[in-house]
Amino acid sequence: MIWEGVLVASAACYALKLAGLSLPQRWLENARVQRTIPLLPVALLAALVATQTFSTGHHLVLDVRAAALGVAAIAVLLRAPFLVVVASAAATAALLRLL
Amino acid sequence: MFTGASQFAMVGVIGAGGSVWAGAATAALLGSRNLLYGVRLSSLLGVGGVWRAAAAQFVIDETTAMTIARDRVEDSRFAFWATGIALFVLWNLGTLIGALATHALPNPKVLGFDAAPPAAFLALLAPRLRSREPMAIAIAAAVVAIVVLPFVPAGVPLLIVALLVALYGLRR
């Protein structure tokens, strides 16, 4: 079941890219479409940050992941590279669990 | 699938107990920006047939940024293929190593690996928050996702957020 989903999602992601290269430009010139598509990743990524930090299953929880996210946010503000941001969050969570 | 945010999101949704299809839908929605990148790149690349089919897989954030930053068309094309091929090879190699290495790891929580995905999503989100509107949308999306989370199946908060932002963007 997982692999069927992966294959379908992969096909969808590829089809979107191919459609962008292939469709006549005017099909996508609609101002509302141009405005909306860039907003989707903003909303989805923000929702992913929130749900993956503050929940376990169906329960809202506040644990070391919140502190880890705070450290990651500082790293982002300091313009740290992607890997440093991710590693600093993981290290924060690991250290706090040791205490 | 070769588009990082979608890959992370799909794994994230399934890992949090969501259905495979909620994960697939989230991945596809996140991949929708590649549609606009493709439109932006099509005139620069000028590819058809098999080359277009191959080029399509390389249409991602990084290749688009590298391609449109060149002054001459030849440089753009070189930047696209060089960035695309290098990233494709290294990204998938890294993924393979990661997949094999997890079997050798102890409890991932001890290493804080459960705190890594939100940090990764934050790092992907940050460059998109250059003005007030995306900032407000990000905050609203986070709040909505948290509020509905206890009441709907895992992964569905993301789809609700996607629907709301689409309605917001497509309003007249």
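The values are calculated or read from the model by the stated rules, or taken from the named source; none is laboratory data. Predicted, not measured: the structure shown is a model, and the values here were computed from it. Please note: Cβ atoms are built from the backbone with ideal geometry, for glycine as well, and neighbour counts cover all protein chains shown.
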>> For segment B:117-156, give me each residue that is of a type in the set (D, E, K, R), over 17 Å from the mean Cα position of the chain (by Cα) and assigned to a helix (DSSP H, G or I).
In response: B:R132, B:E133
>> Taking the criterion of being over 17 Å from A:Y14 (Cβ atoms), assigned to a helix (DSSP H, G or I) and in contact with a helix residue (DSSP H, G or I) (Cβ under 9 Å, 6 or more places away or on another chain), would at least one residue in segment B:82-90 satisfy it?
In response: yes
> Restricting the search to segment B:68-106, which residues are touching a Ser or Thr at 6+ places or on another chain (Cβ under 8 Å), under 20 Å from B:L124 (Cα atoms) and within 12 Å of chain A (Cβ to nearest Cβ)?
Replying inline: B:G84
> When segment B:22-32 is examined, which residues are found to be in contact (Cβ under 8 Å) with a residue 12 or more places away in the chain and either in a loop (DSSP other than H, G, I, E, B) or not hydroxyl-bearing (S, T, Y) (or both)?
Replying inline: B:A22, B:G23, B:A24, B:A25, B:A27, B:A28, B:L29, B:L30, B:G31
> Of the conditions (1) within 26 Å of B:S19 (Cα to Cα); (2) modelled with pLDDT of 95 or more; (3) surrounded by fewer than 18 Cβ atoms within 10 Å (Cβ to Cβ), B:A119 fails just one. Which one is it?
Replying inline: (3)
>> Looking at segment A:60-76 only, could you name the residues that are more than 7 Å from chain B (Cβ to nearest Cβ) and of a type outside the set (A, V, I, L, M, F, W, C)?
In response: A:D63, A:G70
> Of all residues in segment A:1-33 being over 19 Å from B:A55 (Cα atoms) and touching a Gly at 6+ places or on another chain (Cβ under 7 Å), which is farthest from the other protein chains (Cβ to nearest Cβ)?
Replying inline: A:R32
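Could you tell me whether B:A53 is surrounded by fewer than 16 Cβ atoms within 10 Å (Cβ to Cβ), in a helix (DSSP H, G or I), at pLDDT 90 or above and facing chain A (nearest Cβ under 8 Å)?
Values: surrounded by fewer than 16 Cβ atoms within 10 Å (Cβ to Cβ): yes; in a helix (DSSP H, G or I): yes; at pLDDT 90 or above: yes; facing chain A (nearest Cβ under 8 Å): yes.
For B:A53, the condition - surrounded by fewer than 16 Cβ atoms within 10 Å (Cβ to Cβ), in a helix (DSSP H, G or I), at pLDDT 90 or above and facing chain A (nearest Cβ under 8 Å) - is met.
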>> Return the residues of segment B:118-157 that are among the aromatic types (F, W, Y) and touching a residue at least 60 places away in the same chain (Cβ under 8 Å); say none if nothing qualifies.
In response: B:F121
> Among (1) charged (D, E, K, R); (2) surrounded by 20 or more Cβ atoms within 10 Å (Cβ to Cβ); (3) outside any helix (DSSP H, G or I), where does B:D114 come up short?
Replying inline: (3)
> Which condition breaks for A:R79 when tested against (1) more than 7 Å from chain B (Cβ to nearest Cβ); (2) crowded, with 17+ Cβ neighbours inside 10 Å?
Replying inline: (2)
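Look through B:F8, B:F2 and report the one residue that is hydrophobic (A, V, I, L, M, F, W, C), facing another protein chain (nearest Cβ under 9 Å) and not in a helix (DSSP H, G or I).
Details: B:F8 fails: not in a helix (DSSP H, G or I).
The unique qualifying residue is B:F2.
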> Which residues, taken from segment B:118-153, are more than 7 Å from chain A (Cβ to nearest Cβ) and over 28 Å from A:N30 (Cβ atoms)?
Replying inline: B:V143, B:V147, B:V148, B:F151, B:V152, B:P153
> Which of (1) surrounded by fewer than 22 Cβ atoms within 10 Å (Cβ to Cβ); (2) more than 29 Å from A:H58 (Cβ to Cβ); (3) more than 13 Å from the chain's Cα centre (by Cα) does B:L41 not meet, given it meets every other one?
Replying inline: (1)
